[in-house]
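Single-structure report; data block below.
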């Protein structure tokens, strides 16, 4: 008898279900699904790693302060040294205001013309001479007419007709004129003052000098 020949294996149908053998069972198939720490989506259950910040970087800039550095060595700082005079800026008087004439706004070319400070003598010496002549003239020690070339016409008329101070006319004690202080508010104008002592009393005198035609002329006088 002849044995039947073995039949060839049949190729699986591509349209049917494919059987791969025994279905795997165990904790891997039925347990929780392992997730990637970096995975995203609704199935990811683990913590999601945040992306690094992409903002501008901060830079530290040191700005120097205008103040001097603090040096504390335990010694006090003296702003003014004893016995050393404080430096002061030289006084520069401002411009003198100009007075316009009556006609056409022009100055009177034939009358007294104001003088600048550079064209005038020392104001302290002129002020001392004026105050000395004024006090001695009011006291009767010299003629009052000596004040005429030193004062304006209006001021001399007021001194000649006005009442003289009592402390000038009474008493025989000598008159002593103290230090003369000078202030120049504008160019060509000086204000002088001093203290006159007679006996045990002191009186203040002040005058205003204006430069006219190259010399000082008193326009106001006040005797205390």
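The values are calculated or read from the model by the stated rules, or taken from the named source; none is laboratory data. Please read all numbers here as calculations on a predicted model, not as lab measurements. Backbone-built Cβ (ideal geometry, glycine too); neighbour counts: all protein chains shown.
Can you report the number of residues in the stretch 209-224 which are touching a strand residue (DSSP E or B) at 6+ places or on another chain (Cβ under 9 Å) and surrounded by fewer than 18 Cβ atoms within 10 Å (Cβ to Cβ)?
6
Given (1) modelled with pLDDT of 90 or more; (2) out of contact with any strand residue (DSSP E or B) (no Cβ under 6 Å at 6 or more places or on another chain), identify the lone condition not met by residue 162.
Condition (1) is where residue 162 drops out.
So residue 91 passes all but one of these: (1) at pLDDT below 75; (2) not in a loop (DSSP other than H, G, I, E, B). Which condition number does it fail?
Exception for residue 91: condition (2).
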